[in-house]
1. Taking the condition farther than 30 Å from residue 139 by Cβ and either without any contact (Cβ under 8 Å) to a residue 60 or more places away in the chain or over 23 Å from the mean Cα position of the chain (by Cα) (or both), does residue 263 pass?
2. Can you name the number of the only condition in (1) among the aliphatic types (A, V, I, L, M); (2) modelled with pLDDT under 95; (3) under 14 Å from the mean Cα position of the chain (by Cα) that residue 186 fails?
3. Does the stretch 13-37 hold any residues that are more than 16 Å from residue 98 (Cβ to Cβ) and either of a type in the set (Val, Ile, Thr) or buried (at least 19 other Cβ atoms within 10 Å of the Cβ) (or both), and which are they?
4. All but one of (1) within 23 Å of residue 232 (Cα to Cα); (2) open to solvent by 60 Å² or more (accessible area, probe 1.4 Å); (3) among the hydrophobic types (A, V, I, L, M, F, W, C) hold for residue 300, so report the exception by its number.
5. Can you name the residue in the stretch 150-170 that is closer than 13 Å to residue 186 by Cα and open to solvent by 50 Å² or more (accessible area, probe 1.4 Å) and is also modelled with the lowest pLDDT among such residues?
6. Please specify each residue of the stretch 38-63 satisfying the condition of being over 19 Å from residue 23 (Cβ atoms) and either surrounded by fewer than 20 Cβ atoms within 10 Å (Cβ to Cβ) or of a type in the set (Asp, Glu) (or both).
7. Give the residues of the stretch 284-297 that are in a helix (DSSP H, G or I), more than 22 Å from residue 223 (Cβ to Cβ) and open to solvent by less than 80 Å² (accessible area, probe 1.4 Å), sorted by residue number.
8. Would it be correct to say that residue 304 is modelled with pLDDT of 95 or more, part of a helix (DSSP H, G or I), among the aliphatic types (A, V, I, L, M) and closer than 29 Å to residue 189 by Cα?
Amino acid sequence: MEQSACRISVIVPAYNAAPYLKRCYESLLAQSASDWEMLIVENGSTDGTTALGERLAQQDSRVRLLHSEKGVSRARNLGIDEARGEYTTFLDADDRLLPDAFEVFLRAAGAHPACEVIVGGTDGVAEGQPDTVYEGARIDEARVLFLRHPTRYLTVWGNLYRTAFLQASAVRFDPALTHAEDSDYLIRLLADCRELLLTDTPVYHYTVSDASAVHGQAGKLAEKYRASLEATARQLAEESADIREAFDFYVLDNLLVLLVHDVFCSAKSARAQRQDAAAVLDIPIFRHALERAPLGQAPIVKRLAYTAAKKKRLCLLQLIVRLRQWQNRQRR
């Protein structure tokens, strides 16, 4: 890569993002550090996303509007190739960065110049843990941690990446995957990483969306999850026993997400929901993870859910999932 044109490139996939893209841009304007570029990667929108991106690019030379084929993975891959900054971060168009995000990132990068990936926190869920550097053989410790806590760590947004590292790596987002494609990418990317910094300092605001649009499509969604998980499993086939065990828990976390946000949240009758759940539990990658994972290591509520799923106690599983759904509503 030639000499950097700025410190941070912000890759923003934008598909039908007209309602919130300006707010996303304004979160960059609010940064205490101004040496950045915004790569809006429009990918098949049918609304006013392109026109809005053009206006933003005309009024701010730091904004570039790019076009990719449809799909968030293709958009992010193009953004990686086009990034000019010393560092790169990903930002979803309906989310925003906190005002001091760049300052936090650049301060951490200055203190740890060898780090290729800096993992930041999300507001509302940061745990206040001390910064931790993983390097060399310890990278696998980070990978295990990420697999065991995917909703906290296995997101590509909220992190800072050295652009030269991203562009030199052969790892790219898999356009064939429509679910968990960012987790799959990060799992594979970390295998190339030599040094990583983990910080819980909040830098990112994630917008919780209503998942009701996918309710009642359990079979279709389960197939999409299966495809993604099997693709990742193939990449980890030769990894250590610790990573393979952590991957089993990652599979179970995805199973729980599917059960909570779709199977037991549809408009179907309770009996039909249990029938859908039984079909999902017969999918080999879920069944094998339930058989292999040491379920006693899971937190209590998850342990109860996984045990009920393993034994196909569907009424009990339904009750536990309903409790989980109630807990999620209380957090909003």
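The values are calculated or read from the model by the stated rules, or taken from the named source; none is laboratory data. Small disclaimer: the values here were computed from a predicted structure and weren't measured. All Cβ positions, glycine included, derive from the backbone under ideal geometry; neighbour counts span all protein chains shown. These accessible areas exclude ligands, DNA and RNA; they are computed on the full protein's heavy atoms, side chains included. Shrake-Rupley method; radii C 1.70, N 1.55, O 1.52, S 1.80 Å.
1. Values: farther than 30 Å from residue 139 by Cβ: yes; either without any contact (Cβ under 8 Å) to a residue 60 or more places away in the chain or over 23 Å from the mean Cα position of the chain (by Cα) (or both): yes.
So residue 263 fits the description; yes.
2. Of everything listed in (1) among the aliphatic types (A, V, I, L, M); (2) modelled with pLDDT under 95; (3) under 14 Å from the mean Cα position of the chain (by Cα), residue 186 misses just condition (2).
3. Of all residues in the stretch 13-37, those more than 16 Å from residue 98 (Cβ to Cβ) come to 13-22, 35, 37.
Within the stretch 13-37, 13, 14, 17, 21, 37 qualify.
4. (1)
5. Only one residue fits best here, namely 151.
6. We begin by selecting, within the stretch 38-63, every residue over 19 Å from residue 23 (Cβ atoms); these are 43-44, 46, 61.
Within the stretch 38-63, 44, 46, 61 meet the criteria.
7. 295, 296
8. Details: modelled with pLDDT of 95 or more: yes; part of a helix (DSSP H, G or I): yes; among the aliphatic types (A, V, I, L, M): yes; closer than 29 Å to residue 189 by Cα: no.
Spelling it out, it is not the case that residue 304 is modelled with pLDDT of 95 or more, part of a helix (DSSP H, G or I), among the aliphatic types (A, V, I, L, M) and closer than 29 Å to residue 189 by Cα.
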